[in-house]
Amino acid sequence: MNEHHIQSAFDRDLEDIQAMIMKMGGMVEAAIHDATRSLVKRDEELAAQVRAADSQIDALEEEINEAAARLIALRAPAASDLRTVLTVIKVSSNLERCGDYAKNLAKRTSVLVQMNTIEGAAKSIRRMAREVAGMLKDVLDAYVQRDVELAEDVRMRDHEVDQMYNALFREFLTHMMEDPRNITSCMHLHFIAKNIERTGDHITSIAEQVIYLVTGEYPEESRPKGDRTSFDPKVGGSE
Amino acid sequence: MNDLALAAKTEAALKPKISAKGVDVYYADNHAIKNVDVNILDKTVTAFIGPSGCGKSTFLRCLNRMNDTIDIARIEGEILLDGEDIYDPKVDPVQLRAKVGMVFQKPNPFPKSIFDNVSYGPRIHGMARNKAELEEIVESALRRAALWDEVKDRLLAPGTGLSGGQQQRLCIARAVATAPEVLLMDEPCSALDPIATAQIEELIDELRQNYSLVIVTHSMQQAARVSQKTAFFHLGNLVEYGETGHIFTNPEDSRTEAYITGRIG
Amino acid sequence: MTDIAMPGAPRKGSLLVRDARTARRNAAEARFRTYGLIAVLLGLLALVVLVVSIIGNGASAFRQSYVTVPVTLLEEKLDKSGTRDPAVMAKVSTFGYAPLIAAGVQDAMDAAGIEIEGLSTKGAGGIVSKDAPAQLRDFVLSNPGLLGQTVDFTFLASGRIDGYFKGRVTAQTAALDKNVSPEQLLLADALKEAGALETRFNWSFITAPDASDQRPEAAGLGVAILGSFYMMLVVLALALPIGVAASIYLEEFAPKNRITDVIEVNISNLAAVPSIVFGILGLAIFINFAGLPQSAPIVGGLVLTLMTLPRIIIPSRAALQAVPPSIREAALGVGASKMQTVFHHVLPLAAPGILTGLIIGLGQALGETAPLLLIGMVAFVREYPSPPIDGIFDPATALPVQIFNWTQRSDPAFVERASGAIIVLLIFLLIMNLTAILLRRRFERRW
């Protein structure tokens, strides 16, 4: 994006729409951060705030989609401009999903507050959430700077999140086998972990969008898959 | 959008620059414009779109009485500019046209120098008392038309020697030089290449700060790019008039939808 | 009719093979080109024949034989009283001068040692133009002080002698001709040998007035050229403003209705009216009714104006029409009035076309003969008209009429004169058309 369009209004529109994406990214990042903190701190009030904030994210997504549709209708973007608009639409939908997962996490927090604590689980989840939030931050940076290398890096880091999830999965299994009273909270915690893992997948998808945006091609499917749980014959297909 | 802008917008919407009420135009027996009502706002680009022969150009030419030059044209109804009926017998079309400038489809500079082209309007309207003032007007008009930097060294060169896009900007400068309040543009880019077109469109966007612009265009994309308001004409009727973004994403009338999606010509 | 190619069916056959239809089409085109070429060549041939015959006949009119004669201005013949009183001297008519010239020729013969049997002194004097005595008399009356002296004069040779050097007259024809004798031809040869007779460029053909039937060698185009020039001035002064004003009004201002349609059609009709009709009109209105003088350039100019007007209006309107409407729209669009639009933008652009039409109209008027015959411009006029504006009321002739006049005279020397006059007329027309072309080239603008 070195050169400006002759029609400066086109530039303004493109900038506006991307600024909205950045704003949305920031909101999702905050939501993940706050939801995790509410889980660790068992802070019901914070959890309620996160749940309330999600409607803003949803509204923003709608706004972005409308703006993108308008931009396509009015400016007939081509080439890199077209990719920009297309990725904006996809990225906003990815971010919206991430926001939903954060909201879900906050919802489960409200339930978990009423139950026994599982030793170490919250911290593990927080580590995992931190990793994911870091990925989100990096992918947004990569998006702004059109940085393919950083995007590729984020894409690879999803592997680590997957492995964390695998570890947690086994940990929860152990807890549940030790004491059936833990099953309810472990199930909730497992869903939280799973959702964070899914958030990582969406972030990976955003990273792929960044690569597409810059190069015009999607990366080939050579990413290491860390989530082996669905292939474990003992556990059976989870998803 | 903050409240202030909203308030300003509402006020502008209440006080249109040009207001047409029940306008009918006949060319001999041909009923070219049928009962058109439209309010054109100040500091806004309004685009007229529609298939060929739908009357959009005819209606545009009613707004500065260019149709007066056609013997067989007859107009009924009322067109108000700032609340004054421009078809009042007391109105001299020459005075009106100084207020409502026009840019035509084909760049049509006079076969004179660039300076003479721009200074012609101010000169016949007696807008400058001396040569220095005239030069000032010419420079500011050329600057407004984003042409000054390209021609400042050759103001005495013939205007017809410029490129097509420059010629059209020269015509815009010529229209701007008479200090109009409204600028009418009749397919200003149809004879230009895409780059020149983009430059004119950018210019139109800048001119919006100071003028009310009405542009007739065959290119729906152009209407989408430059205008804030769009009016769709079909067979002499004003089918739909509204926010450009709205018209191009979610038109109300099925004929508008059919036209902008390329289903009727 | 089996192999009709249905629309939509692909065309078969190689592009490298020409089918019969194409071959026929190409042959037809080649034939047509040949016809066209033949037509053009025929036209060119006609033009060449015309030009060659005119130049062949007329070029010699610009050269004339002159005899140098030492004339002794005998006092006892020219001023018997010896008072040098011009009034008294003027009593001696040209008949008194002729013997002096004859004697002069005899002197020249003696000086050169020429002797020709059977040639009297009077006969020797016959080789000099009949115009010479008048020329001599004019000289003597304005220079009475030279009386008694011998002065060398260069006189025009008589038309027959001149014709002899131009091949028109031979010893055989001279024997049958009472105007010239074979002896005179011998004398002319001898004088030429001696250097007393020479043939050179003849300015007086262009400047001198017409001369009578007996003196073709002295006849010139001066009055005709002046007359034509005055008429063109009249035509220009009237037809330009009237024609341009009419065409501007009709083209730019007049409402399009039945009346203007009728006017338009009639202007075209007027252009097709035979020119002699305008002559009758001029005779009836300008001379009989208005009482303007006959043979005067003013009447000729008025008649030619009437004739030229439609021929100026039509191209002027075409020139105005050719100005693109976008220029008018542009001017109206910045708020110029109708008249400002026309005078600031349309007229300057149409000016080359209008001027071209005007010049071509003037050219046609310059070559027009028929109407002038009817208003008496065919008269024999020896007096130059006075300078304008008075001059346009003086009698004069016009170039084409002079040509017509000369072709009707009996002396064959006038054939040469008439052709020479045609050359002069053609040169004027050529200059005017060239001017028109140059104006068009110079001022035509692109838009």
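The values are calculated or read from the model by the stated rules, or taken from the named source; none is laboratory data. Given the structure is predicted, the values throughout are model-derived calculations rather than measurements. Neighbour counts are summed over all protein chains in view; Cβ atoms, including those assigned to glycine, are modelled from backbone coordinates with ideal geometry.
Out of the residues in segment A:8-53 that are within 14 Å of another protein chain (Cβ to nearest Cβ) and in contact (Cβ under 8 Å) with a residue 40 or more places away in the chain, state the one that is farthest from the chain's Cα centre (by Cα). I'd like the intermediate steps shown before the answer.
Here is the first cut: in segment A:8-53, the ones within 14 Å of another protein chain (Cβ to nearest Cβ) are A:8-14, A:16-17.
Adding the requirement that they be in contact (Cβ under 8 Å) with a residue 40 or more places away in the chain leaves A:10, A:13-14, A:16-17.
Numbers: A:F10: 29, A:D13: 26, A:L14: 23, A:D16: 22, A:I17: 19 Å.
Of everything passing the filter in segment A:8-53, A:F10 is farthest from the chain's Cα centre (by Cα).
Would you mind finding the one in B:M102, B:M66 that is without any contact (Cβ under 8 Å) to a residue 60 or more places away in the chain and under 30 Å from B:L170 (Cβ atoms)? Spell out the reasoning first.
Numbers: B:M102 fails: without any contact (Cβ under 8 Å) to a residue 60 or more places away in the chain.
Checking each option against the conditions leaves just B:M66.
Kindly provide the set of residues from segment B:236-257 that are aliphatic (A, V, I, L, M) and modelled with pLDDT under 90, ordered by number.
Residues of segment B:236-257 that are aliphatic (A, V, I, L, M), as a first pass: B:238-239, B:247.
Passing the criteria: none in range.
The rows are residues; the columns are (1) closer than 14 Å to C:L372 by Cβ; (2) in contact with a Ser or Thr (Cβ under 9 Å, 6 or more places away or on another chain); (3) β-branched (V, I, T).
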position: C:A239; (1), (2), (3): no, yes, no
position: C:A246; (1), (2), (3): no, yes, no
position: C:E252; (1), (2), (3): no, yes, no
position: C:S275; (1), (2), (3): yes, yes, no
position: C:A284; (1), (2), (3): no, no, no
position: C:A296; (1), (2), (3): yes, no, no
position: C:V299; (1), (2), (3): yes, no, yes
position: C:L302; (1), (2), (3): yes, no, no
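Taking A:F172 as the residue in question, decide whether it is buried (at least 19 other Cβ atoms within 10 Å of the Cβ) and among the aromatic types (F, W, Y). Steps first, please.
On the way: buried (at least 19 other Cβ atoms within 10 Å of the Cβ): yes; among the aromatic types (F, W, Y): yes.
Yes, satisfied.
Restricting the search to segment C:155-187, which residues are in contact (Cβ under 8 Å) with a residue 24 or more places away in the chain and among the small types (G, A, S)?
Of everything in segment C:155-187, those that are in contact (Cβ under 8 Å) with a residue 24 or more places away in the chain and among the small types (G, A, S) turn out to be C:A157, C:S158, C:G159, C:G163, C:S181.
Go through segment C:296-325 and report how many residues are within 14 Å of chain B (Cβ to nearest Cβ) and either in contact (Cβ under 8 Å) with a residue 40 or more places away in the chain or touching an Asp or Glu at 6+ places or on another chain (Cβ under 8 Å) (or both). Give the derivation first.
Narrowing segment C:296-325 to residues within 14 Å of chain B (Cβ to nearest Cβ): C:322-325.
So of that shortlist, the ones also either in contact (Cβ under 8 Å) with a residue 40 or more places away in the chain or touching an Asp or Glu at 6+ places or on another chain (Cβ under 8 Å) (or both) come out as C:324.
Total meeting the criteria: 1.
Among the residues of segment B:125-146, which ones are buried (at least 20 other Cβ atoms within 10 Å of the Cβ) and modelled with pLDDT of 90 or more? Even if it seems obvious, please write down each step before you answer.
Here is the first cut: in segment B:125-146, the residues buried (at least 20 other Cβ atoms within 10 Å of the Cβ) are B:137-138, B:141-142, B:144-145.
Within segment B:125-146, B:I137, B:V138, B:A141, B:L142 qualify.
Assess whether C:F343 counts as being within 14 Å of chain B (Cβ to nearest Cβ), without any contact (Cβ under 8 Å) to a residue 12 or more places away in the chain and surrounded by fewer than 19 Cβ atoms within 10 Å (Cβ to Cβ).
Working: within 14 Å of chain B (Cβ to nearest Cβ): yes; without any contact (Cβ under 8 Å) to a residue 12 or more places away in the chain: yes; surrounded by fewer than 19 Cβ atoms within 10 Å (Cβ to Cβ): yes.
Taking the combined requirement at face value, the residue satisfies it.
Run down B:A231, B:A223 and say which single residue is more than 10 Å from chain A (Cβ to nearest Cβ), of a type in the set (G, A, S) and in contact with a strand residue (DSSP E or B) (Cβ under 6 Å, 6 or more places away or on another chain).
B:A231
Residues C:L358, C:L429, C:L439, C:L373: which one is touching a residue at least 12 places away in the same chain (Cβ under 8 Å) and buried (at least 19 other Cβ atoms within 10 Å of the Cβ)? Don't jump to the end; show me each part of the working.
Details: C:L429 fails: buried (at least 19 other Cβ atoms within 10 Å of the Cβ); C:L439 fails: buried (at least 19 other Cβ atoms within 10 Å of the Cβ); C:L373 fails: buried (at least 19 other Cβ atoms within 10 Å of the Cβ).
Exactly one residue qualifies, and that residue is C:L358.
Select from segment B:234-265 the residues that are closer than 20 Å to A:A69 by Cβ and in contact (Cβ under 8 Å) with a residue 12 or more places away in the chain and list them in ascending order. Give the steps one after another, and end with the answer.
Quick first cut of segment B:234-265, residues closer than 20 Å to A:A69 by Cβ only: B:240, B:242-254, B:256-263.
Passing the criteria: B:E240, B:G242, B:E243, B:T244, B:I247, B:F248, B:P251, B:E252, B:D253, B:T256, B:Y259, B:I260.
With (1) surrounded by fewer than 20 Cβ atoms within 10 Å (Cβ to Cβ); (2) touching a Ser or Thr at 6+ places or on another chain (Cβ under 9 Å); (3) more than 14 Å from chain B (Cβ to nearest Cβ) as the list, and C:F289 as the residue in question, which single condition is left unmet?
Condition (2) is where C:F289 drops out.
Given the options C:L197, C:L176, C:L185, name the one that is more than 26 Å from C:I422 (Cα to Cα) and touching a strand residue (DSSP E or B) at 6+ places or on another chain (Cβ under 6 Å).
Working: C:L176 fails: touching a strand residue (DSSP E or B) at 6+ places or on another chain (Cβ under 6 Å); C:L185 fails: touching a strand residue (DSSP E or B) at 6+ places or on another chain (Cβ under 6 Å).
Answer to the check: C:L197.
List, please: which pairs have Cβ atoms under 8 Å, are six or more places apart or on different chains, and start with a residue in segment A:116-136 that is under 12 Å from A:M164 (Cβ atoms) and among the polar types (S, T, N, Q) and end with one that is surrounded by fewer than 16 Cβ atoms within 10 Å (Cβ to Cβ) and modelled with pLDDT of 90 or more?
A:S124/A:A167
Run B:S113 past the list (1) surrounded by fewer than 21 Cβ atoms within 10 Å (Cβ to Cβ); (2) more than 12 Å from chain C (Cβ to nearest Cβ); (3) under 19 Å from the mean Cα position of the chain (by Cα); (4) not hydrophobic (A, V, I, L, M, F, W, C) and report the number of the one that doesn't hold.
It fails just one condition, (3).
Which ones in segment B:177-200 are within 11 Å of the chain's Cα centre (by Cα), within 11 Å of another protein chain (Cβ to nearest Cβ) and over 18 Å from B:N117 (Cβ atoms)?
Selection gives B:L184, B:D186.
Limited to segment C:396-433, what total is found for residues that are under 16 Å from C:R63 (Cβ atoms) and of a type outside the set (A, V, I, L, M, F, W, C)?
4
Mind checking whether some residue in segment A:111-118 is out of contact with any strand residue (DSSP E or B) (no Cβ under 9 Å at 6 or more places or on another chain), at pLDDT below 90 and not in a loop (DSSP other than H, G, I, E, B)? Even if it seems obvious, please write down each step before you answer.
Within segment A:111-118, the subset out of contact with any strand residue (DSSP E or B) (no Cβ under 9 Å at 6 or more places or on another chain) is A:111-118.
Add one more test, that the residue is at pLDDT below 90, and what stays is A:111-118.
Within this subset, residues satisfying the condition of being not in a loop (DSSP other than H, G, I, E, B) are A:111-112.
Yes, some residue in segment A:111-118 is out of contact with any strand residue (DSSP E or B) (no Cβ under 9 Å at 6 or more places or on another chain), at pLDDT below 90 and not in a loop (DSSP other than H, G, I, E, B).
Does B:G55 count as in contact (Cβ under 8 Å) with a residue 12 or more places away in the chain and either away from every other protein chain (no Cβ under 11 Å) or among the aliphatic types (A, V, I, L, M) (or both)? Full working, then the answer.
Numbers: in contact (Cβ under 8 Å) with a residue 12 or more places away in the chain: yes; either away from every other protein chain (no Cβ under 11 Å) or among the aliphatic types (A, V, I, L, M) (or both): yes.
It is true that B:G55 is in contact (Cβ under 8 Å) with a residue 12 or more places away in the chain and either away from every other protein chain (no Cβ under 11 Å) or among the aliphatic types (A, V, I, L, M) (or both).
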